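Asker: First, the structure itself, so that you have it in front of you.
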Amino acid sequence: MTQLAGLVAIVTGASRGIGFAIAQRFVAEGAKVAITGRDAAALDNAVKDLGGPDVAIAVAGKGDDSDHRAEVVDTVLGAFGPVTLLVNNIGINPAYGPLGTLDLGAARKMVDVNLLGTLGWVQEALRGGLAEAGGSIVNISSVSGVRPAPGIGFYGVTKAALIHLTEELAVELAPKVRVNAVAPAVVKTRFATALYEGREEQVAAGYPLQRLGVPEDVAGAVTFLCSRDASWITGQTIVLDGGVTLTGTVQ
């Protein structure tokens, strides 16, 4: 598998779960990757699992920290060369419940990380050569950004904004950079545990394909969007949901 041979990727939030699965697939397809996250020990273990420093490096930090973003891009430039792929997988949801009682401080933090943090990564990747290399960006949104999702409503608001940001960037950065998004439903990761733990069979029953997603489902779609096979695709959001949005629910 060499769809991404010679390419250099930054994958944020990639010490585990969806981000790690994407990084793993990228390496299998011939790319070199830089992964980020808050847990330095988890990142170190992930680099080992990815094949070591010849193909993967890690930089720990917070995605909404501009100094961290700059450090990652500088590290990539020194280790692998110009950035050609960026996968924005950072996202937090520190609040659960109705919008009418949502803590506004938590809401602002979600905007800072999920939306402005993503834009910040794009800006840094452009500084790192993304446009000159004819690169590709994939933003990880959510079906909660496509359909209402009571309980995680403001998280969904930020993910809906991320879809629109994807479309704006696709227009502004064309023709040199393609920008797309994927919008997964419930994927079996630590981040989504509260949405299915102890009732996975019940939750999966609402999906026409009768199962929840796994990180590899997302990794396959992201790899496609970054490959030459998707060279005429930009500004699109692929919904990865096992058919659940067809039933009118997203949880």
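Asker: Being without any contact (Cβ under 8 Å) to a residue 60 or more places away in the chain and among the β-branched types (Val, Ile, Thr) narrows it down to one of 72, 47, so name that one.
Answerer: On the way: 72 fails: without any contact (Cβ under 8 Å) to a residue 60 or more places away in the chain.
Of 72, 47, the one residue that is without any contact (Cβ under 8 Å) to a residue 60 or more places away in the chain and among the β-branched types (Val, Ile, Thr) is 47.
Asker: While we're here: Take region 195-220 and flag every residue that is within 14 Å of the chain's Cα centre (by Cα) and buried (at least 19 other Cβ atoms within 10 Å of the Cβ).
Answerer: 215, 217, 218, 219
Asker: Does residue 125 satisfy being at pLDDT 95 or above, in a helix (DSSP H, G or I) and closer than 30 Å to residue 79 by Cα? Can you show your working first?
Answerer: Numbers: at pLDDT 95 or above: yes; in a helix (DSSP H, G or I): yes; closer than 30 Å to residue 79 by Cα: yes.
Yes; evaluated as a whole, the condition is true for this residue.
Asker: I'm checking my understanding of the structure. Among residues of region 33-63 that are in a loop (DSSP other than H, G, I, E, B) and small (Gly, Ala, Ser), which one is surrounded by the fewest Cβ atoms within 10 Å (Cβ to Cβ)? Spell out the reasoning first.
Answerer: Quick first cut of region 33-63, residues in a loop (DSSP other than H, G, I, E, B) only: 38-39, 51-55, 61-63.
Going one step further and asking which of them are small (Gly, Ala, Ser), we end up with 51-52, 61, 63.
Numbers: 51: 14, 52: 10, 61: 17, 63: 25.
Filtering first and then ranking leaves 52.
Asker: Tell me yes or no: at least one residue of region 146-155 is basic (Lys, Arg) and in a helix (DSSP H, G or I). Break it down stepwise before answering.
Answerer: Looking only at region 146-155, we keep the residues that are basic (Lys, Arg), and these are 147.
Cutting the leftovers down to in a helix (DSSP H, G or I) gives us none.
No, the conditions are met nowhere in region 146-155.
Asker: Next up: Go through the residues of region 15-22 one by one and say whether even a single one is crowded, with 24+ Cβ neighbours inside 10 Å and among the hydroxyl-bearing types (Ser, Thr, Tyr).
Answerer: no
Asker: Let me confirm something: among 186, 244, which residue is under 15 Å from residue 141 (Cα atoms), buried (at least 19 other Cβ atoms within 10 Å of the Cβ), of a type in the set (A, V, I, L, M) and at pLDDT below 95? Steps first, please.
Answerer: On the way: 244 fails: under 15 Å from residue 141 (Cα atoms).
It is 186.
Asker: Could you go through region 179-191 and let me know if any residue there is assigned to a helix (DSSP H, G or I), in contact (Cβ under 8 Å) with a residue 24 or more places away in the chain, aliphatic (A, V, I, L, M) and touching a Lys or Arg at 6+ places or on another chain (Cβ under 8 Å). Spell out how you get there, then give the answer.
Answerer: Of all residues in region 179-191, those assigned to a helix (DSSP H, G or I) come to none.
No, because not a single residue in region 179-191 is assigned to a helix (DSSP H, G or I), in contact (Cβ under 8 Å) with a residue 24 or more places away in the chain, aliphatic (A, V, I, L, M) and touching a Lys or Arg at 6+ places or on another chain (Cβ under 8 Å).
The values are calculated or read from the model by the stated rules, or taken from the named source; none is laboratory data. All of these numbers come straight from a predicted model, not from anything done at the bench. Positions of Cβ are backbone-derived with ideal geometry, glycine not excepted, and every protein chain shown enters the neighbour counts.
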